[in-house]
Amino acid sequence: AHDRARRAYESGQVRSLGDILTGIRGEFPGRMVDAELQERRGRHIYRLKMLDAKGRVRDLWVAGKSGRVLRRAKMRR
């Protein structure tokens with residue numbers, strides 16, 4: 001999975017995970033606890049698990065190329 005993600009980044013198909021996190025920090029502050037790069041219908045999508053200051057976790061799906069948040073799940077403990 002790591003090699004696939006690196007190839008996608010090197011070929012320009014996705015932005016770096018650091019760039020993605022910088023782009024969403026204003027709306028979703030907290031610490032990333034897990035990240036996975038998935039491919040769906042020919043698009044690369046980052047699935048992120050973010051932990052906020054109150055200990056709640058939120059799943060986010062972010063477009064790998066644009067950095068746009070596509071979907072967000074409700075927070076859970």
**Asked** trypsin sites (Lys or Arg not before Pro) within the range 10-57: which are DSSP loop residues with at most 15 other Cβ atoms inside 10 Å?
**Response** Arg25, Arg41, Lys54, Arg56
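Hey, what number do you get for the chain at 222 nm if only DSSP H runs of n ≥ 4 count, each worth -39500 (n - 2.57), divided across all residues, to the nearest 500? Numbers along the way, then the final one.
Values: 2 runs with 17 residues, N = 77.
It comes out at -6000 deg cm²/dmol, rounded to the nearest 500.
Compute the accessible area per residue over the range 1-48, keeping the other protein chains in place, probe 1.4 Å, unit Å². Mind dumping the intermediate values first?
Details: 3340 Å² over 48 residues.
I get 70 Å² per residue for the range 1-48.
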**Complete:** Relative contact order in percent for the range 10-77 (Cα pairs under 8 Å, 6+ apart) equals 28 percent
**Prompt:** Based on Cβ point charges of +1 for Lys and Arg and -1 for Asp and Glu, what charge dipole magnitude is obtained for the chain about its Cα centre, in debye rounded to the nearest 20?
**Reply:** 400 debye
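The values are calculated or read from the model by the stated rules, or taken from the named source; none is laboratory data. Note that the structure is a prediction, hence the values are computed from the model and not measured. Methodologically, a virtual Cβ is constructed for each residue, glycine included, from the backbone with ideal geometry; neighbour enumeration extends over all protein chains shown. The protein model used for the area step is the full one, side chains on, heavy atoms only, and it has no ligands, DNA or RNA in it. Shrake-Rupley method; radii C 1.70, N 1.55, O 1.52, S 1.80 Å.
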